[in-house]
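Comments concern the structure below.
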Amino acid sequence: MPKHSSAPVPLPVALRSVAARAACAAVALAGVFLTPAGARSAPAQAAPTARIVIKDFGFSPASLTVAPGTVVTVVNRDNAPHTLTGTGRATFDTGRVKAGRSATFTAPRARGQYAYICDIHQFMSGSLTVR
């Protein structure tokens with residue numbers, strides 16, 4: 001009479017891979033991540049975003065208010081290259097943005113008002129308020 005073992009039978013490698021993918025998909029679909037301690041936490045939030053458009057040698061809007069750390073996209077709709085460069089204590093700078101292109105920068109974490117210009121056309125100016 002054969003002896004029966006109560007030990008679990010290992011799954012073939014192919015089935016283990018499928019099972020692992022299914023478990024990962026279930027966790028992803030639930031939208032909840034488990035920490036090592038097993039506690040639940042919400043998924044990471046994406047940084048807020050804002051947009052400034054350069055057109056007719058001006059910034060629109062010329063004054064923008066954002067939260068600290070906001071990612072700001074600068075879109076150049078002119079036929080000339082431009083920059084959006086912080087002045088004074090502001091350290092953000094898109095670098096040269098070619099006609100029809102865009103660039104991004106991250107707003108400072110410190111609250112306050114920050115002036116900026118186009119380094120190429122210094123008569124172009126605006127301000128970024130971080131609240």
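Bear in mind these aren't lab numbers, they're just calculated from the coordinates by the rules spelled out. Quantities reported herein were computed from a predicted structural model and do not represent experimental measurements. When we count neighbours, we look across all protein chains shown, and the Cβ atoms used for this are built from the backbone with ideal geometry, even at glycine.
A few comments on the model shown:
- Each peptide among 110-117, 46-53 gets the average number of other Cβ atoms lying within 10 Å of its residues, and from highest to lowest they stand as 110-117, 46-53.
- Computed lengthening from S125 to A46, 0.36 nm per intervening residue step minus Cα-Cα distance: 25.6 nm
- Over the stretch 49-113, the pair-distance histogram of Cα-Cα distances with 10 Å bins from zero comes to 23, 56, 20, 1 percent, rounded to whole numbers.
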